[in-house]
Every structure is written in structure tokens, then in C-alpha cells.
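Q: The structure that follows is given in the form of C-alpha cells.
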Amino acid sequence: MRALANEPRNALDAYQQVATHSAIYPGQGTPLGLVYVALKMNGEAGELAEHVGKAMRDDGLVSTIFRSGNDTEVTFNGLSPKRRALLIKEIGDVLWYLSAACNELGISLSHAAETNIGKLYDRGQRNALSGSGDER
Ligand SMILES: [Mg+2]
């Protein structure tokens, strides 16, 4: 049986289909829309980073004890349930804008995921997973 053209192939595409129903923003469907979602996605990624920073500052995620000389003891503690829930919400916000960016490019979220997996697989085959640079 052939899948319908608009039928989601997996959870990522199902999410994208649902998220698209709430996608209302300036320039949607034009190059301005891509600029808008890229900016907003970075804002949401910043909110995610902000909560990690607050977990360090306010929740004791990382404890540092300075000892004599250059000795430093660093202890990593768990996230509070409240902070963890906030991080999950921000990850969802980032995902929403990733979905919107895919819409602006006319691709599915699964296409972006498969492209990334292909890139990582290729790097693994060439023993180039570590290091830096987009084109390694
Ligand atoms: Mg947010």
C-alpha cells in the first residue's frame, strides 16, 4: 500500500505536521521567514543555555572547590526536576523553530535528520568524527 503524500513517515515528520498548524510568523514562505525563524531559533537556544547557566549558579549543578595552589575539585550534581522540566520545554521550543526552518526550506525534519546522520556516518567511515569544521 502506497503512503499518502502528506502522511508523516515517522515521529519527526508527525511532529512537524502538527507544529506547522501553529506556525504564524512574519515573512512566512519568503526569505524573510527563513531569517525570522533562524533568529528565533537562536533565541530559544539561548533560553536553553540560560537555564543551564541558572542550574550552575542557582541549583548547584556544578560545585567547584578551590584548594591550595592550582588544585581544583569539580563536582557535578544532578538537575533539579523543575530545572529539567524547563530545559525540556526550551528544547521543544528549539525543535519548533527547527521544524519551521525545514518548512521554509521545503524539507521534512526527517530529511534534515537523515542528512545529518549521513554526514556523521561518512565522518565515522573516514575517522573524522573529532576535530572541527563543517566540511571535514
Ligand atoms: Mg522558550
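Q: For the range 44-60, which residues satisfy the criterion of being touching a residue at least 12 places away in the same chain (Cβ under 8 Å) and either under 17 Å from Trp96 (Cα atoms) or in contact with a Lys or Arg (Cβ under 8 Å, 6 or more places away or on another chain) (or both)?
A: Glu44, Ala45, Glu47, Leu48, His51, Lys54, Ala55, Asp59
Q: Let me ask something else about it. Only one residue in Asp71, Asp122, Asp93 is surrounded by 13 or more Cβ atoms within 10 Å (Cβ to Cβ) and either touching a residue at least 12 places away in the same chain (Cβ under 8 Å) or more than 22 Å from Ala49 (Cα to Cα) (or both), so which one is that?
A: Criteria check complete, one pass: Asp93.
Q: Return the residues of the range 77-126 that are away from the ligand (no atom under 16 Å from the Cβ), of a type in the set (Ser, Thr, Tyr) and part of a helix (DSSP H, G or I); say none if nothing qualifies.
A: Passing the criteria: Ser110, Thr115, Tyr121.
Q: Name the residue that is farthest from Ile91 (Cα to Cα), counting only residues in the range 44-63 that are more than 16 Å from the ligand (Cβ to nearest atom) and open to solvent by less than 70 Å² (accessible area, probe 1.4 Å). Don't jump to the end; show me each part of the working.
A: Quick first cut of the range 44-63, residues more than 16 Å from the ligand (Cβ to nearest atom) only: 56-63.
Subsequent filtering for residues that are open to solvent by less than 70 Å² (accessible area, probe 1.4 Å) retains 59-63.
Details: Asp59: 19, Gly60: 21, Leu61: 18, Val62: 21, Ser63: 25 Å.
For the range 44-63, the residue satisfying everything is Ser63.
Residues checked against (1) touching a strand residue (DSSP E or B) at 6+ places or on another chain (Cβ under 8 Å); (2) closer than 30 Å to Ser110 by Cα:
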site: Gln28; (1), (2): no, yes
site: Leu39; (1), (2): no, yes
site: Asp59; (1), (2): no, no
site: Asp71; (1), (2): no, no
site: Phe76; (1), (2): yes, no
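Q: Okay, next question. Which residues, counting only those in the range 9-43, are within 15 Å of the ligand (Cβ to nearest atom), over 11 Å from Ala100 (Cβ atoms) and either in contact (Cβ under 8 Å) with a residue 40 or more places away in the chain or open to solvent by less than 70 Å² (accessible area, probe 1.4 Å) (or both)? Working first, answer last.
A: Just the residues of the range 9-43 that are within 15 Å of the ligand (Cβ to nearest atom), to begin with: 19, 22, 25, 37, 39-43.
If we keep only those that are over 11 Å from Ala100 (Cβ atoms) as well, we get 39, 42-43.
Answer for the range 9-43, where residues must be within 15 Å of the ligand (Cβ to nearest atom), over 11 Å from Ala100 (Cβ atoms) and either in contact (Cβ under 8 Å) with a residue 40 or more places away in the chain or open to solvent by less than 70 Å² (accessible area, probe 1.4 Å) (or both): just Gly43.
Q: Kindly check whether there is at least one residue in the range 42-56 that is at pLDDT below 95 and over 18 Å from the mean Cα position of the chain (by Cα). Write out each step before concluding.
A: Taking the range 42-56 as the starting set, the residues that turn out to be at pLDDT below 95 are 56.
Of the ones still in play, those that are also over 18 Å from the mean Cα position of the chain (by Cα) are 56.
Checked the range 42-56: at least one residue is at pLDDT below 95 and over 18 Å from the mean Cα position of the chain (by Cα).
The values are calculated or read from the model by the stated rules, or taken from the named source; none is laboratory data. Remember, predicted model here, so these are calculated numbers, not experimental data. FYI the Cβ positions are ideal-geometry reconstructions off the backbone, even for glycines, and counts take in every protein chain you see. These area figures cover heavy atoms from the full protein model, side chains too; ligands, DNA and RNA do not enter into them. Shrake-Rupley method; radii C 1.70, N 1.55, O 1.52, S 1.80 Å.
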